[in-house]
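Trainee: First, the structure itself, so that you have it in front of you.
The values are calculated or read from the model by the stated rules, or taken from the named source; none is laboratory data. None of the values given here were measured: they were computed from a predicted structure. We place every Cβ from the backbone using ideal geometry, glycine too, and count neighbours over all the protein chains shown. For accessibility, only protein heavy atoms count, side chains too; no ligands or nucleic acids. Shrake-Rupley method; radii C 1.70, N 1.55, O 1.52, S 1.80 Å.
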Amino acid sequence: ANMRIFNDCDGVMNESLLDQNADAIVVSQFTLHASTKKGNRPSYIKAAKPDVAIPLYEKFVRQLENDIGKEVGTGEFGADMKVQLLNDGPVTIILDSKNKE
């Protein structure tokens, strides 16, 4: 909620969800942990199993709701969902809790 990933009035990535009073949606997808190191088919063998992943997902959603003070949109965990979005900007941010570089 506090990560400054949105542009301010000067076009500098200097504002957070909170600064912009923005809404959020959290969509689970195994591809966030798909390994493509071997062969042509992504492997998700290292992704957490549902009995671990679902409580973590739900905890993250609850924490984000608490942080921004409003309901967070979600999909259905493990479902085949069609999500349409508009990417705004040439930025990809990878968050790795095990590598804090």
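Trainee: Relative to the first principal axis of the alpha-carbon coordinates of the chain, what is the inclination of helix 50-68, with its axis defined by its Cα atoms, in degrees from 0 to 90 and to the nearest 10?
Mentor: Rounded to the nearest ten degrees, it is 0.
Trainee: Sticking with this structure for a sec: Can you tell which of L86, L56, L18 shows the greatest fluctuation in a Gaussian network model of the chain with Cα springs below 10 Å?
Mentor: Among L86, L56, L18, the largest mean-square fluctuation in the Gaussian network model of the chain belongs to L86.
Trainee: Using a cut-off of 13 Å between beta-carbons, work out the net charge of the residues near P55 (Lys and Arg +1, Asp and Glu -1, P55 not included).
Mentor: +1
Trainee: In this model, which of K37/K98; K49/K82; K59/K98; K46/K70; K38/K98 are farther than 26 Å apart at the alpha-carbon?
Mentor: K46/K70
Trainee: A follow-up question, please. Would you look at the GNM of the chain, springs on alpha carbons closer than 10 Å, and say which of P55, P90, P42 moves the most?
Mentor: Highest fluctuation among the options: P90.
Trainee: Taking the Cα centroid of the range 35-101 and of the range 1-23, what is the distance between the two, rounded to the nearest whole Å?
Mentor: Centre-to-centre (Cα) distance: 20 Å.
Trainee: Let me ask something else. If you average the sequence gap of Cα pairs under 8 Å that are 6 or more apart and divide by the length of the range 1-76, what percent do you get for the contact order?
Mentor: Worked out over the range 1-76, it gives 30 percent.
Trainee: Based on the alpha-carbon gyration tensor of the chain and its eigenvalue square roots a ≥ b ≥ c, which shape applies: rounded if a/c is under 1.5, prolate if not and a/b is larger than b/c, or oblate?
Mentor: prolate
Trainee: Determine the sum of side-chain charges near Q29: Lys and Arg each +1, Asp and Glu each -1, restricted to other residues whose C-beta is under 14 angstrom from that of Q29.
Mentor: That sum, taken over residues with Cβ under 14 Å, equals -1.
Trainee: Turning to a different aspect of this structure: Rounded to a whole number, what % of the accessible area of the chain do carbon and sulfur atoms account for, probe 1.4 Å?
Mentor: Carbon with sulfur: 51 percent of the solvent-accessible area.
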